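Trainee: Before I ask anything, let me first share the structure, which is written out below as structure tokens.
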Amino acid sequence: MINSLLRLRAEEADDLAVISSCLQDAIARIGDMSYNARQRRFALVLTRFRWELVDELGSEGGVRVRCGMHFDDVLRVQAQGIDMADQTGLLPLLAVTCEDADYGVAIKLEFAGGGTLRLEAEAVSCRMGDIDQGWPTPSRPDHNIEP
């Protein structure tokens, strides 16, 4: 199970919520993001924590893996609270959300620290897949939330 690669696609908001839960606490580097207006595709590479393996691995540590994600039918990308010129800047991803808009849907990638990428798209069309087998990490993300 640990060596299995995750591959997901989203074609509606509920599907995107599943992808969001898999990407919680993923880390994106600004230099690993790009928007191709001609192809109407926004793509990025992230390092995600493999939450789906937590029960298998016990109470400590975990696995991180590189994954790629792209959105198709994207009309425009807007950054708010993110210095896109800082190509080495790291952004911890909190959530991927979606809401209806006049032109189709507004997809938001919300990062820690208040930064947001807003993708204006005709429809939800997202693919996400692990790129490598990953590596062990001695710590797992902790949000210090009391039960």
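Computed from the coordinates by the stated procedures, all read-outs in this text should not be read as laboratory data. Quick caveat, the model's predicted, so the values are computed rather than measured. Quick reminder, even Gly has a Cβ in these numbers, built from the backbone with ideal geometry, and neighbours come from all protein chains shown.
Trainee: Using the eigenvalues of the Cα gyration tensor, what equivalent ellipsoid semi-axes result for the range 7-133 when each is taken as the square root of five times the eigenvalue, whole Å, largest first?
Mentor: Rounded to whole Å, the semi-axes are 24, 17, 13.
Trainee: Okay, next question. List the residues, sorted by chain then number, that are 5 or more residues from LEU6 or on another chain and whose placed amide H is less than 5 Å from its amide H.
Mentor: Here the answer is ASP130, since their amide H atoms fall under 5 Å of that of LEU6.
Trainee: List the residues whose amide H sits under 5 Å from the amide H of LEU75, counting only those 5 or more places along or on another chain, with H placed 1.01 Å from N in the peptide plane.
Mentor: GLU120, ALA121, GLU122
Trainee: Running a GNM on the chain with Cα contacts under 10 Å, which residue among SER34, SER20, SER125 ends up with the highest mean-square fluctuation?
Mentor: Taking springs between Cα atoms under 10 Å, the residue moving most is SER34.
Trainee: Dipole of the range 7-133 (Lys/Arg Cβ +1, Asp/Glu Cβ -1, origin at the Cα centre): which of LEU119, SER20, VAL54 lies farthest to the positive side?
Mentor: Of the listed residues, the answer is LEU119.
Trainee: If you find the alpha carbon centre of the range 36-53 and of the range 85-122, how far apart are they in angstrom?
Mentor: 12
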